[in-house]
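Chemist: This is the structure I want to talk about, given as structure tokens.
The values are calculated or read from the model by the stated rules, or taken from the named source; none is laboratory data. The structure displayed is predicted, hence computed values, not measured ones. Every residue, glycine as well, gets a Cβ built from its backbone with ideal geometry; the counts of neighbours run over all protein chains shown.
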Amino acid sequence: MTLVRQVLSQVRIGCLTPWAYRASMLLSFLVLALQVALFSVVWRAIYAGHSGPVAGVDVDTAVGYAVLSLTVATVLNTSPYSSIESRVRDGLIGVDLTRPIGLLTQSLAVQAGYVVATLPAAAVGLGTGLAVRGLAPPPDVSDTVRFAVSLLLAFGVSQLITLLMSLTSFWTLEVGGVGMAFFVVRTFMSGAVVPLWFMPDWLQAIAVALPFQASTYTPIAVYFGRPPGGFVSAVGLQALWIVILTGLCLWLWSRAKHRVVVQGG
Amino acid sequence: MSLSVSAVDDLPSDAAQRPLVRAAGLVKEFRRVKRVSGRLGGLRTLFSRDYDVIRAVNDVSFDIHSGELVGYLGPNGAGKSTTIKMLTGILTPTAGAVSVADRDPSRERKANALNIGVVFGQRSQLWWDLPLRESFRAVRDLYGVPTMEGDRRQHELVKLLDMDEFLDAPVRQLSLGQRMRGDIAAAMLYQPRLLYLDEPTVGLDVVAKQRIREFIAHVNAERGTTVVLTTHDLEDVEQLCRRIVLIDHGRVLYDGALTELMARYAPYRDLVVTLASPADVAVNGAEQIGRDGPVVTLRFRSDRVKAPEIIGAVTAAHEVVDLSVAEPRLEAVIGRIYTQRGLPESPA
């Protein structure tokens, strides 16, 4: 009961914080709408020079993938402004450690709040997708259910990736550009920009070996009825990543606890 | 007979008398990675295995009992913040033991958190982007304060610290004085037994400082909250603390009553007299330590001579226009200790 109340309070904080910068939030929605529209234009232009599908993918699927992937990535792959990284840099992590709640629980709750705050982006992305006639509903109900299951797991994977990355700031505080490099790798390898099925084999192999695709590519591939290795193994892989990432987070945090450096003071 | 006496000492009936905070032989060492300079220095530092060992706290012991208001003082880098961080459970001691309300803070960090309030003057525990009201709400939720009880306390604190007008403003828009009031209120919402204040008046104007001091005195006197105060503003200490613990180089230099420190290291008064015509003043029992035109400063040991005697002797020998007696300032004593980096010889 106490824990639920603690967690909900942090979800609330995470949900309210990005909306404190309303203009920036609305701008990010606008950017999403633009991206969806542009991607749909570009894919159609690319396909116009071809007759028939590319890599077994027809034009509607390619455009539909872009609409969904951009939307899902915008909602799930958030990078909270008040992540552990910035709190370590400002020495505020010391304040977090005086709270009667675990740091990982607190961080995950705040992150989840950010996702909730970004949910309107889903309406914007999908709305734009419908407007440019880039999205078709899934073939039947069972596909919708499968998509929902995979999306839920993707939420877990993406939040753990964000947490894992921010935990490394206990070590990488002095190395500039790590966050940026991570952002680029994550965006590309998750399949948010280009679906894995368009990637050359060697690149696909790398992407499949990394957890990022489980946070974006997998649920969307499920949506289009072509989950990698079949639905069960695709979802199983997502669940496996949740277990592995959880373990990694716990391990990193136990190491970090031993060398907590509170900057300054 | 002696056996039974020592047995009585060990009885748990003693529990009420047990200190709330106990630090015994606390040591904290930091390993600081030696920085690698040159190309990719940052990256190479990351993989470097060269360390400097810095001993920030070196065998610090003290007890603090329930209801005390203790000043924990020392120059910059003396080890104050490091000690506080061990008491709050943020840092694990390298050696020695620390307990707060019979808990080991770093082992039972979450349970300890419910007993303590921590206010850092330089850092805020409030949520920067959100209205102050939201921070209060979050603190009440985190510390499990029952709704009705929380409403009552918040109302009381808002009134006491006059926070009504900025309760709905985002914390980042508050003035430093307002933010400090918000921070202290947030720490008192769940009524911790122990309140650590780390430079709560730093950067505040005179009025804001006074308001914070009055509030600290209030919670200590009315609620019985134990307060450990770290500050560089010695007026905070003069007004609030009965006891001080003075540390430097990670060691305790002095632990005792403020009045005793003053009596021991500054057992004098200064008599400042303005004479009708400039002259040197020679009086038994006092020493002239300064003269600026007609204004002469005499210093005398207040434990040996009474002020009226000195005044009588001066007025008998000179025509006096004005006079005043100045108490020694804690600042002078502490300043001397800091510069000598040790306790001065007692002037006795």
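Chemist: Out of the residues in segment A:226-265 that are away from every other protein chain (no Cβ under 14 Å) and in contact with a Phe, Trp or Tyr (Cβ under 9 Å, 6 or more places away or on another chain), which is modelled with the lowest pLDDT?
Modeler: So in segment A:226-265, the residues away from every other protein chain (no Cβ under 14 Å) come out as A:226-252.
Narrowing further to those that are in contact with a Phe, Trp or Tyr (Cβ under 9 Å, 6 or more places away or on another chain): A:226, A:228, A:252.
On the way: A:R226: 85, A:P228: 82, A:L252: 92.
Within segment A:226-265, the match that is modelled with the lowest pLDDT is A:P228.
Chemist: I'd like the full set of residues that are modelled with pLDDT under 90 and either part of a helix (DSSP H, G or I) or among the small types (G, A, S) (or both), limited to segment A:132-161.
Modeler: Going through segment A:132-161, the residues modelled with pLDDT under 90 turn out to be A:132-144.
Answer for segment A:132-161, where residues must be modelled with pLDDT under 90 and either part of a helix (DSSP H, G or I) or among the small types (G, A, S) (or both): A:G134, A:A136, A:V141, A:S142, A:D143, A:T144.
Chemist: Tally up the residues in segment B:155-186 that are within 14 Å of chain A (Cβ to nearest Cβ), surrounded by 14 or more Cβ atoms within 10 Å (Cβ to Cβ) and touching an Asp or Glu at 6+ places or on another chain (Cβ under 7 Å), please.
Modeler: Final tally of qualifying residues: 1.
Chemist: Answer yes if at least one residue in segment B:257-278 is in a loop (DSSP other than H, G, I, E, B) and of a type in the set (S, T, N, Q), and no otherwise. Reasoning before the result, please.
Modeler: Taking segment B:257-278 and keeping what is in a loop (DSSP other than H, G, I, E, B), we get B:266-267, B:276-278.
Then keep just the ones that are of a type in the set (S, T, N, Q); that gives B:277.
Looking for residues that are in a loop (DSSP other than H, G, I, E, B) and of a type in the set (S, T, N, Q), one finds at least one in segment B:257-278, hence yes.
Chemist: Looking for whichever is assigned by TED's automatic domain parsing to the domain that holds B:F215, surrounded by 19 or more Cβ atoms within 10 Å (Cβ to Cβ) and closer than 28 Å to B:N58 by Cβ here; the options are B:D236, B:D255. Which one fits?
Modeler: Values: B:D255 fails: surrounded by 19 or more Cβ atoms within 10 Å (Cβ to Cβ).
Every option except B:D236 fails the conditions.
Chemist: To continue, here is another question. Can you tell me which condition A:T162 does not meet? The list is (1) within 14 Å of chain B (Cβ to nearest Cβ); (2) touching a residue at least 40 places away in the same chain (Cβ under 8 Å), and all the others hold.
Modeler: Going through (1) within 14 Å of chain B (Cβ to nearest Cβ); (2) touching a residue at least 40 places away in the same chain (Cβ under 8 Å) one by one, A:T162 breaks only (1).
Chemist: Please go through segment B:110-124 and pick out each residue that is more than 9 Å from chain A (Cβ to nearest Cβ), out of contact with any Lys or Arg (no Cβ under 8 Å at 6 or more places or on another chain) and either of a type in the set (G, A, S) or assigned to a helix (DSSP H, G or I) (or both).
Modeler: Start the filter on segment B:110-124 by keeping residues that are more than 9 Å from chain A (Cβ to nearest Cβ), which leaves B:115, B:119, B:121.
Those left that are additionally out of contact with any Lys or Arg (no Cβ under 8 Å at 6 or more places or on another chain): B:119, B:121.
Answer for segment B:110-124, where residues must be more than 9 Å from chain A (Cβ to nearest Cβ), out of contact with any Lys or Arg (no Cβ under 8 Å at 6 or more places or on another chain) and either of a type in the set (G, A, S) or assigned to a helix (DSSP H, G or I) (or both): just B:G121.
Chemist: Being within 23 Å of B:P131 (Cα to Cα), touching a residue at least 24 places away in the same chain (Cβ under 8 Å) and of a type in the set (A, V, I, L, M, F, W, C) is the filter here; which residues of segment A:9-57 pass it?
Modeler: If the condition is that a residue be within 23 Å of B:P131 (Cα to Cα), touching a residue at least 24 places away in the same chain (Cβ under 8 Å) and of a type in the set (A, V, I, L, M, F, W, C), then A:V11, A:I13, A:C15, A:L16, A:W19, A:M25 are the ones that fit.
Chemist: Let me ask something else about it. Of the numbered conditions (1) at pLDDT below 90; (2) over 25 Å from B:L20 (Cα atoms); (3) surrounded by 21 or more Cβ atoms within 10 Å (Cβ to Cβ), B:L91 fails exactly one; give the number of that condition.
Modeler: Of everything listed in (1) at pLDDT below 90; (2) over 25 Å from B:L20 (Cα atoms); (3) surrounded by 21 or more Cβ atoms within 10 Å (Cβ to Cβ), B:L91 misses just condition (2).
Chemist: Quick one: in segment B:125-145, which of the residues that are part of a loop (DSSP other than H, G, I, E, B) and at the interface with another protein chain (Cβ under 7 Å from one of its Cβ atoms) is nearest to B:D183 (Cα to Cα)? I'd like the intermediate steps shown before the answer.
Modeler: Filtering segment B:125-145 for residues part of a loop (DSSP other than H, G, I, E, B) gives B:125-130, B:143-145.
Imposing the further condition that a residue be at the interface with another protein chain (Cβ under 7 Å from one of its Cβ atoms) reduces the set to B:125, B:127, B:129-130, B:143-144.
Numbers: B:Q125: 6, B:W127: 10, B:D129: 14, B:L130: 14, B:Y143: 15, B:G144: 18 Å.
Across segment B:125-145, the extreme among qualifying residues is B:Q125.
Chemist: Can you go through B:R103, B:R152, B:R107 and tell me which one is surrounded by fewer than 20 Cβ atoms within 10 Å (Cβ to Cβ), more than 11 Å from every other protein chain (Cβ to nearest Cβ) and more than 30 Å from B:I54 (Cα to Cα)? Talk me through it step by step, then tell me what you get.
Modeler: Details: B:R103 fails: more than 30 Å from B:I54 (Cα to Cα); B:R107 fails: more than 30 Å from B:I54 (Cα to Cα).
B:R152 is the lone residue from the list that is surrounded by fewer than 20 Cβ atoms within 10 Å (Cβ to Cβ), more than 11 Å from every other protein chain (Cβ to nearest Cβ) and more than 30 Å from B:I54 (Cα to Cα).
Chemist: Picking from A:V141, A:V116, which residue would you name as being free of Cβ contacts under 8 Å to residues at least 60 places away in the same chain and more than 14 Å from chain B (Cβ to nearest Cβ)? If you could, list the steps in order and put the result at the bottom.
Modeler: Numbers: A:V116 fails: free of Cβ contacts under 8 Å to residues at least 60 places away in the same chain.
On inspection, the qualifying residue turns out to be A:V141.
Chemist: So B:S81 fits all but one of (1) facing another protein chain (nearest Cβ under 8 Å); (2) surrounded by fewer than 23 Cβ atoms within 10 Å (Cβ to Cβ); (3) over 19 Å from A:I84 (Cβ atoms); (4) not β-branched (V, I, T); what number is the exception?
Modeler: For B:S81, the failing item is (2).
Chemist: Next up: Quick one: count up the residues across segment B:88-100 that are away from every other protein chain (no Cβ under 14 Å) and closer than 19 Å to B:V227 by Cβ.
Modeler: Just the residues of segment B:88-100 that are away from every other protein chain (no Cβ under 14 Å), to begin with: B:95-99.
Those left that are additionally closer than 19 Å to B:V227 by Cβ: B:98-99.
Total satisfying the criteria: 2.
Chemist: Now a separate question. Looking only at segment A:217-237, decide whether some residue is touching a strand residue (DSSP E or B) at 6+ places or on another chain (Cβ under 9 Å) and either farther than 30 Å from B:V36 by Cβ or buried (at least 18 other Cβ atoms within 10 Å of the Cβ) (or both). Steps first, please.
Modeler: Applying the first criterion (touching a strand residue (DSSP E or B) at 6+ places or on another chain (Cβ under 9 Å)) to segment A:217-237 yields A:224, A:226.
Add one more test, that the residue is either farther than 30 Å from B:V36 by Cβ or buried (at least 18 other Cβ atoms within 10 Å of the Cβ) (or both), and what stays is A:224, A:226.
For segment A:217-237, residues touching a strand residue (DSSP E or B) at 6+ places or on another chain (Cβ under 9 Å) and either farther than 30 Å from B:V36 by Cβ or buried (at least 18 other Cβ atoms within 10 Å of the Cβ) (or both): present.
Chemist: Test of understanding: among A:T105, A:T61, which residue is in a helix (DSSP H, G or I) and either closer than 30 Å to A:W171 by Cα or at pLDDT 95 or above (or both)?
Modeler: Working: A:T61 fails: either closer than 30 Å to A:W171 by Cα or at pLDDT 95 or above (or both).
Testing whether each residue is in a helix (DSSP H, G or I) and either closer than 30 Å to A:W171 by Cα or at pLDDT 95 or above (or both) leaves just A:T105.
Chemist: Still on this model: When segment B:203-226 is examined, which residues are found to be under 16 Å from the mean Cα position of the chain (by Cα), outside any helix (DSSP H, G or I) and small (G, A, S)?
Modeler: Matches in segment B:203-226: B:G203 only.
Chemist: Please determine, by comparing only the residues of segment A:84-102 that are more than 10 Å from chain B (Cβ to nearest Cβ) and in contact (Cβ under 8 Å) with a residue 40 or more places away in the chain, which one is surrounded by the fewest Cβ atoms within 10 Å (Cβ to Cβ).
Modeler: The extreme case among them is A:R89.
Chemist: Anything in segment A:11-39 that is over 17 Å from the mean Cα position of the chain (by Cα), facing chain B (nearest Cβ under 10 Å) and under 16 Å from A:S79 (Cα atoms)? List them, or say none.
Modeler: Within segment A:11-39, A:I13, A:L16, A:T17, A:W19, A:A20, A:Y21 qualify.
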